[in-house]
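The values are calculated or read from the model by the stated rules, or taken from the named source; none is laboratory data. Remember, it's a predicted structure, so these values are computed and weren't measured experimentally. As a convention, Cβ positions derive from the backbone with ideal geometry for all residues, glycine included, and neighbour counts pool all protein chains shown.
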Amino acid sequence: MSQYVGMQSIVYDKPPYITEVASVVGKKEGDGPIGHLFDKISDDDKFGKDNWDEAESEMQRQTLEVLLNKAAMTPAQIRYIYAGDLLGQLIATSYGVMDYNIPLFGLYGACSTFGEAMALGSMAVAAGYANHIVAMASSHFCSAEKQFRFPLEYGNQRPLSATWTVTGCGAAVISAEPSIIEKRDIAKRKVHIKGITTGKIVDYGVKDSMNMGAAMAPAACNVISQNFKDLSIDESYYDLIITGDLGEVGKEIVIDLVKKEGYDISRVYSDCGIRIYDEVIQDTHSGGSGCGCSAVTFCAQIYKKIMDGKLNRVLFVPTGALLSPISFNEGRSVPGIAHGIIIEAEN
């Protein structure tokens, strides 16, 4: 039986399981509305290191350590790591996971990287190429601002459409079978990745690097509406459809664009960038962004809600803006991409 359906989707014959998750964040994220759900919060955004790049690597190292401890696994049991970040040549990931000596697929999908990692990792597990993989992504406010926008010392004014890059790292173990812990506890819910919808690059000509929500929203619309078409479903199939980091601006655009495709997702739709910060108290303008935004929000909050029985079917859609410092300085537009992960609790 073929596992690929429609134009962009795969539905697995034997869906892989998400057997454990972990999240490590900075102080600002820990002070937010879901701060109590994170596994580890650092009061020092340099994580004891000398610079921001080293800090992000240390954050990845700590996240992988927490994840393996929670899963009661050793590095030798992990076949592959699928991971990435926002920095040039993925240096946060390279130095962050190096000492674990696990085979690595380094990924760059901008802020959609966690979705890309989950998609590719679940494909490998479902195809029998691995029993256990780790999907992971991180971002750091200071390292991202330094690379993509202005030096922090510049103190530039941020427009209301701007988002705040999350200092955080999220990671998940994706396995062919439920974990040993889950097998012992038959009452514990089992969560699997039923399938994926791979996104296309979509470019509506947005050139404002301070309005990532507008740049990424069309790509999110493409994935969400194509998921419905490929699976012959509509928005009522899901308890929650949640994008990665579109913020308040992008969220409204997605609702409008998807409505033009014939679907009204407003009742089941949310965005990780809106959930991670308090809009009034923390003054992050449009919300959160970065690879770490969707990764830590999923691992800390969404996965827990599925495990607690509050959600049964989720379409998780991390979103990314495919710009670089060079493309932005050359005045080019900001293409967007998104990847859909169909996550369901096993009945």
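Just to be sure I understand the filter: pairs with C-beta atoms under 9 Å, separated by 6 or more residues or on different chains, first member in segment 149-178 and over 21 Å from L86 (Cα atoms) and modelled with pLDDT of 55 or more, second member surrounded by 15 or more Cβ atoms within 10 Å (Cβ to Cβ) and among the acidic types (D, E). Which pairs pass?
Once the first residue is over 21 Å from L86 (Cα atoms) and modelled with pLDDT of 55 or more and sits in segment 149-178, its partners that are surrounded by 15 or more Cβ atoms within 10 Å (Cβ to Cβ) and among the acidic types (D, E) give V173/E20; S175/E20.
Out of the residues in segment 35-89 that are of a type in the set (A, V, I, L, M) and without any contact (Cβ under 8 Å) to a residue 40 or more places away in the chain, state the one that is surrounded by the most Cβ atoms within 10 Å (Cβ to Cβ).
Checking each candidate, the answer is L68.
Given E330, E279, which one is at negative phi, modelled with pLDDT under 95, of a type in the set (D, E, K, R) and out of contact with any helix residue (DSSP H, G or I) (no Cβ under 9 Å at 6 or more places or on another chain)?
E330
Tell me which strands (runs of 3 or more DSSP E) are completely within segment 54-143 and hold 1 or more residues being in contact with a His (Cβ under 6 Å, 6 or more places away or on another chain), or say none if there are none.
none
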